[in-house]
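Notes to accompany the following structure.
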Amino acid sequence: MATLTVPDPIPSPAEDAEKLRKAFQGWGTDEKAVIAILAHRDAAQREQIRLAYEELYKENLITRLESELSGHFERAVYRWIFDPVEREAIMANVALKKNVDYQVIIEIACVNSPKELLAVKQTYHARYKHSLEEDVASNTIGDFRKLLVALVSTYRYDGEETNTGLAKSEAKILHDVIEQKIFNDDEVIRILSTRSKAQLTATFNCYKDEYGSITKALAGESPNEFALALRIAIRCITSPKKYFAKVLRHGVDSGADEDALTRVIVMHAEKDLKEIKEMFHKRTNAALGHAVAKVTSGDYKSFLLALIGD
Amino acid sequence: MALPLVTEECEAVIRAFSGLGGLGVDEKALVSALGKWRRQPEKRAQLRKSFVGFFTADGSFERCEDDYIRYLKNEFARFKNIMVLWAMHPWERDARWVHHVLHKPLPLDIIVEIACTRSSEELLGARKAYHALFHHSLEEDVAYHVRENYSNLLVRLVSAYRYEGNRINKEMATSEAEALYSAIKTPGVKKLVENEEVIRILTTRSKPHLRVTFKHYKEKYGKSIEEHLGDELCLRETVQCLDSPPKYFSKVINKALKDGADKNTKDALTRVIVSRADVDMKEIKEAYHQQYGAELEDVISKNTLGSYRDALLSLAGQ
């Protein structure tokens, strides 16, 4: 469930656009006003506001926001204002600059349903005039390229049928490969990137029955980066909400990881942040809002807390 | 024993049975023979004695060869097959062809053909149809059933969702032409078909981009990338299909109509005509004329029979 709260009754897009315009005028920006509006509108409403603003003031709202805001706050608002599909296309593109943030690519590829991933790829075409696969491929090399391209290209069967015999045999293949620490074996990539999620869940269950937890096996002693990437993929496929709760836990650790906090909160506030919050609470005995408030400050903090709700 | 004199009448019936080459059977001629030879079993006996290779003497009668029965089954079925395929949704057609290739020993270039000559949306559609029909994803089955060293290339090709716009980056096309050349000319530890950069370029770049890349390749190195690829399994078909489907299809059709073509090669004729009739039939005919100096419709007329021929000509004609 979403944590986003929207006022009732809701102001018209023109009213919101006007208030935003006022917030930009004069010296500095009235960030509180920006948050009060944008952090409490859903994707469709935000789109309406963008259109109204452009019509009224002949100016692109996003461009204006980019120039008015700064730092982590600006980055968060920029990611938030788009609709979920466009947002993921943008985040994928951002993740591919310089040091590829493979974690983001894996999340987008593995958490989404096949249809959702397809929508992201279509939006990516329209926005960047490249395919997501081609950009992932040309910005990565070796094993990471193989894994990431396979994960973003796949169009998994999304039925519930599973084949137990296959699950057993593929669990064994994974086990044999992990035991020998040949994590980059083609079979691992084949199984992880082509099987349906239902089939993979069955496979990991077989793995657990026979050999113990696969994610623990991948974490092992001195795991290499590729094994960690596989772990992320597996967790995103089988238990995404738990995974994101963990990302948030790391995000509020000692030195806050603002990129991770922004990413998870912005991407899930209008989706399933409520369940993620609950898992976070279960695991840490602290409310997400409190934890985030401790390690962030200023408008950035206010914006995140508004999205987190409560 | 003296060779039986094959009468003109007999020869006509043998030809109608596809016994003298040609694809399909001449249903009208066969039905007319039924009428003409009514109550004349000796005529049929003569037919069997003249139909060398398909009937053999076995004691006191002429027995049908099993291979002949199989052969006839195929030839009679050509019209049925083309009609059923014609009625099917293109996505289902493609999904069924891929499934067929994976579960029988059929040439893998059919997979290359489908992956590379369909538009991004058509290929995606085939993948959707595959889900519905077979409860697996297309790439899952290709990855599982193809174990040779070109497995990676094929999985990447069927998984491609290429950008379809015209925007291309000339510098990138140039540098990728050079990367391809370098991969081809520098023998590495792995086979060319497993080369990372070759796979990346051929399976992720947009088609307009690749065509510019291939053009630049030819300009810079004097030969087309196809020629340099020589006999490289799957890679050559990949490049041909990406560069110019009409040229590729015209070659496939030509092979199908040659004497001594095997079953799979002949079956390609139906596949190509049915799948391209509404796409680029005109360009295929032009390519055929350019490559072989003949009109495709004439060659089809000469080498096919009956309702099958009529169906082909209806699809390939104006």
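The values are calculated or read from the model by the stated rules, or taken from the named source; none is laboratory data. What you are looking at is a predicted structure, and each value in this text was computed from that prediction instead of being measured. All Cβ positions, even for glycine, are placed from backbone atoms using ideal geometry, and neighbour counts span all protein chains on display. The protein model used for the area step is the full one, side chains on, heavy atoms only, and it has no ligands, DNA or RNA in it. Shrake-Rupley method; radii C 1.70, N 1.55, O 1.52, S 1.80 Å.
Structure values in brief
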item: Solvent-accessible area of B:GLU11 with every protein chain in place, 1.4 Å probe, in Å² to the nearest 10; result: 80
item: Stretchable slack from B:THR56 to B:THR7, in nm (0.36 nm times residue separation minus alpha-carbon distance); result: 15.8 nm
item: Exposure ranking of A:VAL85, A:VAL152 by accessible area [1.4 Å probe, largest first]; result: A:VAL85, A:VAL152
item: Solvent-accessible heavy-atom area per residue, rounded to whole Å², over segment A:84-153 at 1.4 Å; result: 34
item: Largest-first ordering by accessible area, 1.4 Å probe, given options B:VAL274, B:VAL31; result: B:VAL31, B:VAL274
item: For segment B:170-243: accessible area per residue (Å², 1.4 Å); result: 48
item: Lysines with Cα under 18 Å of A:LYS246, excluding same-chain neighbours fewer than 8 positions away; result: A:LYS216, A:LYS271, A:LYS274, A:LYS277, A:LYS282, A:LYS294
item: Average beta-carbon neighbours from other chains, 10 Å sphere, peptide A:121-128; result: 3
item: Additional length obtainable on full extension of the chain from B:HIS89 to B:ASP67, 0.36 nm per residue less Cα span; result: 4.6 nm
item: Centre separation in Å (Cα based) which lies between segment B:5-58 and segment B:259-312; result: 26
item: For residues of B:133-146, the mean tally of beta carbons on other chains within 10 Å; result: 5
item: Interface residues in segment B:172-212 - accessible area drops by 40 Å² or more relative to the isolated chain, probe 1.4 Å; result: B:GLU196, B:ARG200, B:THR204, B:ARG205
item: Taking segment A:164-221 and dividing mean pair separation by its residue count, relative contact order in percent (alpha carbons under 8 Å, at least six apart); result: 45
item: Spatial separation of Cα centroids for segment B:125-178 and segment A:147-180, in angstrom; result: 19
item: Chain B: most fluctuating residue of B:THR213, B:THR270, B:THR174 per GNM, C-alpha cutoff 10 Å; result: B:THR174
item: Nearest-10 value in Å² for the accessible area of A:THR3, using the 1.4 Å probe; result: 10
item: Candidate lysines for bridging to B:LYS80, where Cα separation is under 20 Å - those fewer than 8 sequence places away on the same chain excluded; result: B:LYS28, B:LYS263, B:LYS266
item: Distance cut-off 33 Å, percentage of C-alpha pairs in chain A lying past it; result: 30
item: Nearby lysines by direct alpha-carbon distance to A:LYS22 (threshold 25 angstrom, same-chain neighbours under 8 apart not counted); result: A:LYS32, A:LYS58, A:LYS301
item: GNM flexibility winner over chain B from B:ALA126, B:ALA277, B:ALA45 (Cα, springs under 10 Å); result: B:ALA45
item: Chain A - Cys residues lacking any other Cys C-beta under 4.7 Å; result: A:CYS206
item: Accessible area of segment A:240-308 divided out per residue, in Å², using a probe of 1.4 angstrom; result: 44
item: Buried area at the B-A interface (accessible, heavy atoms, 1.4 Å probe, summed, Å²); result: 2600
item: Base-10 log of normalised Debye intensity for the protein assembly as shown (one unit scatterer per alpha-carbon) at q = 0.07 Å⁻¹; result: -0.59
item: Heavy-atom accessible area, 1.4 Å probe, ligands and nucleic acids excluded: residues of segment A:176-195 down by at least 30 Å² from chain alone; result: A:ARG190, A:THR194, A:ARG195
item: Fluctuation leader among A:LEU166, A:LEU69, A:LEU38 - chain A, Gaussian network, Cα springs under 10 angstrom; result: A:LEU166
item: Anisotropy class of segment B:246-318 from Cα gyration tensor, a/c 1.5 cut; result: rounded
item: B:HIS103 versus B:TYR181: modelled label distance in nm, points set 7 Å from Cα along the beta carbon direction; result: 4.7
